Amino acid sequence: MPAKKRHRRINRAIPSEVAFIDPRGNNRDEARELLNQAVDLMLDHLAGAERRSPAPDLQEFPDFAAIPDEGMHKEELLKRAAFLIRQPRNLAHSGYIGNMESMPTIMSIVGAMLMAATKNNMLAEEMSPYLTRVEPEVMKWFASRFGLGPQSGGGLLAGGSLANLQALVTARNAKFHSKREGIWGRQKPPVFFASEVAHSSLQKAAMIMGLGTASVTPVRADENSRMDVTDLQHKIQHSLDSGQEPFCVVATAGTTVTGNIDPLLDIASVAKQHDLWLHTDAIYGGALAFSNRYTQRLSGIEASDSVTFNLHKWAYSATTCSMVLFKDTALLDEQFRIPAPYMNDSGRTLNLGELSLQGSRQADIIGLLLSLQHLGLLGYARLIDSRIDLARQLRTRLEGHDLVEFTGEMDTNIMCFRPKSGSSVSEVGDSRVRDLQRHLLHEADLCLTLPPYRGRIWLKADILNPFTDETQMDQLVEKVCSFQQGCRG
Ligand SMILES: Cc1ncc(COP(=O)(O)O)c(C=O)c1O
C-alpha cells in the first residue's frame with residue numbers, strides 16, 4: 001500500500017520552512033510563486049532591455065548591504081532583487097557593444113539555475129557521478145576542435161586567469177620537474193615570453209608561481225598588436241645568453257583590448273626550435289573554432305601544449321565558464337595532479353578536483369552543454385561569422401569617412417578607434433574621445449568602452465550581441481560623422 005501523504009502546516013518560526021524548498025512538498029506552491037516572481041523579474045528585465053539605456057542604471061538603495069537579525073519578507077527581498085538586476089551594464093541591449101561581455105544564452109540561464117539548485121560539485125565522482133564523466137568527454141571534444149590530438153583534454157574553471165595559471169604551472173612543472181621540490185635552488189632563473197599586450201593574468205600567474213612578475217619577458221607587438229616573432233627570437237636568445245632558463249612562450253589569440261591574433265604558426269615553430277612549452281591564450285578568440293569562415297585565423301593553435309578559452313565571452317555562456325586544455329593529459333596527470341586521499345575513489349572516474357586548480361567547483365558544464373545542444377554547431381558558426389561580418393562592414397564604412405583612426409588591422413569582431421584631428425600636425429586629446437563616447441550613448445543609445453592603449457584612450461567596439469545589426473551600425477557611423485563635423489566646425 002502506498003504510504004499515506006502527510007500534509008502539515010508550515011511553521012514560519014522555523015527558518016528551514018521558509019528559506020528552503022521542503023522536500024515533502026509542503027511549500028511547493030509558495031516556492032513556485034516566489035520563483036515565478038523572480039523569473040518574471042528577470043524576463044521583464046531582459047525582454048524589456050531595449051527600453052532602457054545600455055549603460056548601468058546607477059542608483060542607490062539605502063541599507064542594501066544591511067544584514068538583519070530577523071529575516072526579511074519576500075516582498076522586500078524581491079524589491080532588492082529588482083534593484084540589483086539593473087545595476088550592471090545592460091548587456092542585452094543591442095546598443096551595448098563595449099567590453100568583451102556578451103549576453104548569456106537562454107540555456108545557460110537555465111543551466112545556472114539547475115546548477116544552483118542541485119549543487120553538483122565537480123570536485124569528485126561521489127558528489128557528481130554523472131557530470132564528472134561528462135565534462136572530460138566534452139573537454140576532449142573541444143580539444144580536438146582546436147586540433148590538439150588524440151591524447152588531449154582538460155577541464156572547466158572559474159575564469160580565464162585561473163585557466164592561464166593552471167596552464168603555466170603545468171608548463172613549469174613539465175619543464176623543470178618541479179611538482180615536488182619546487183624551483184628553489186635553481187641556478188638559472190626561469191622565464192617565459194608573451195607579447196607586451198598580453199593579458200595581465202600572466203603576471204599574476206608568474207607572481208603566484210614564485211617566479212616574480214619580471215619573469216614574464218615582454219615581446220614587442222607590431223603596429224597591429226600582433227607579436228613580433230623576430231623580437232621573440234631575439235628575446236629568447238638574449239635570455240639564454242644572460243643565463244636565464246626559458247620554459248614557455250604564450251601566444252594570444254584575441255588580445256584584450258584590440259582582439260588581435262598573434263602569428264600562431266610562426267610562434268609555434270620558434271617554440272619548437274627552442275623546446276619551449278607553447279601556451280595559447282585563446283580566452284577571447286577561441287570562439288573562432290566554431291566559425292565556418294574564419295577558423296583559419298587560429299591556424300597553428302593545434303601545435304599548442306595548452307590552450308585556454310573563456311566561454312562566457314564570445315560563446316555566450318553565463319559568467320564564468322572557462323576552460324584549460326592540454327595536448328597531453330598524461331602530462332597533466334603526471335605534472336599537476338595532487339591526489340585527494342579524503343575522497344572516495346571508485347576507480348571508474350577520476351576525481352576532477354585532483355586535476356584542477358580548483359577543488360569544489362560549480363557545474364558550468366550544464367549550461368555550456370545545453371547551449372551547444374540548443375544552438376547546434378551551425379547556430380554557433382552563424383553567430384560568430386555574422387558578428388565578424390558586421391564588424392568588418394562597420395570598419396569599412398568608418399574608413400570610408402576618414403574621420404577616425406584605428407589601433408591597427410582587425411582580426412576578430414573588435415575594433416578600437418578614436419576621432420582624427422582635422423589637421424595633419426596635431427591629434428585630438430583624450431577628452432574628445434570621452435566626449436564622443438557620451439555623444440554615442442546619449443544620441444543613439446550606443447555603449448562603447450574606453451580602454452587606455454599605448455598611452456591614449458580609445459573607443460572600443462566589440463560586436464558580440466546577437467541582436468546588434470545594421471541599425472546600430474548606421475547609427476554609429478552617422479553619430480561619429482555628426483560629432484566630428486560639429487568639432488571641426
Ligand atoms: C586575453 C585574455 N586572457 C585572460 C583574461 C582573463 O580572463 P578572466 O577575466 O576570466 O580571468 C582575459 C580577460 O579579459 C583576456 O582578455
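Observations on the structure shown:
- When region 265-296 is filtered for residues that are touching a residue at least 12 places away in the same chain (Cβ under 8 Å), more than 14 Å from the ligand (Cβ to nearest atom) and within 17 Å of F326 (Cα to Cα), the ones remaining, listed by number, are A268, A271, K272, L276, W277, L278, A289.
- Flag for M127 being part of a loop (DSSP other than H, G, I, E, B) and surrounded by fewer than 21 Cβ atoms within 10 Å (Cβ to Cβ): yes
- When L91, L168, L156, L162 are screened for being within 16 Å of the ligand (Cβ to nearest atom), outside any loop (DSSP other than H, G, I, E, B), in contact with an Asp or Glu (Cβ under 8 Å, 6 or more places away or on another chain) and not polar (S, T, N, Q), only L156 passes.
- Filter result for A251 (within 16 Å of the ligand (Cβ to nearest atom) and assigned to a helix (DSSP H, G or I)): no
- Here P136 does not qualify as touching a Pro at 6+ places or on another chain (Cβ under 9 Å), surrounded by 17 or more Cβ atoms within 10 Å (Cβ to Cβ) and either at pLDDT 95 or above or under 22 Å from E354 (Cα atoms) (or both).
- Count of region 422-469 residues, restricted to those that are modelled with pLDDT under 95 and surrounded by 16 or more Cβ atoms within 10 Å (Cβ to Cβ), is 1.
- Residue within region 307-320 that is more than 16 Å from the ligand (Cβ to nearest atom), part of a helix (DSSP H, G or I) and among the charged types (D, E, K, R) present: no
- Within region 436-489, the only residue that satisfies the criterion of being on the phi > 0 side of the Ramachandran plot and over 26 Å from the mean Cα position of the chain (by Cα) is G489.
- Within region 51-74, considering residues that are assigned to a loop (DSSP other than H, G, I, E, B), of a type in the set (D, E, K, R) and more than 27 Å from the chain's Cα centre (by Cα), the one surrounded by the fewest Cβ atoms within 10 Å (Cβ to Cβ): D69
- Complete set of residues in region 171-216 that are surrounded by fewer than 20 Cβ atoms within 10 Å (Cβ to Cβ), assigned to a helix (DSSP H, G or I) and within 16 Å of the ligand (Cβ to nearest atom): Q203, K204, M207, I208, T213
- Cross-chain or 6+ apart pairs with Cβ under 9 Å, region 407-433 first and touching a residue at least 60 places away in the same chain (Cβ under 8 Å), then surrounded by fewer than 14 Cβ atoms within 10 Å (Cβ to Cβ) and not in a loop (DSSP other than H, G, I, E, B): G422/R488
- F417 meets each of the listed conditions (1) surrounded by fewer than 18 Cβ atoms within 10 Å (Cβ to Cβ); (2) in a strand (DSSP E or B) apart from (1).
- Candidates S386, S360 - the one that is hydroxyl-bearing (S, T, Y) and not in a helix (DSSP H, G or I): S360
- Unmet requirement for M72, which otherwise passes all of (1) free of Cβ contacts under 8 Å to residues at least 24 places away in the same chain; (2) within 30 Å of T449 (Cα to Cα): (2)
- Against the test of being touching a Ser or Thr at 6+ places or on another chain (Cβ under 9 Å), closer than 18 Å to V307 by Cβ and free of Cβ contacts under 8 Å to residues at least 12 places away in the same chain, the options S144, S152 yield a single qualifying residue, S144.
The values are calculated or read from the model by the stated rules, or taken from the named source; none is laboratory data. No experiment lies behind these values; they were computed from the predicted model shown. When we count neighbours, we look across all protein chains shown, and the Cβ atoms used for this are built from the backbone with ideal geometry, even at glycine.
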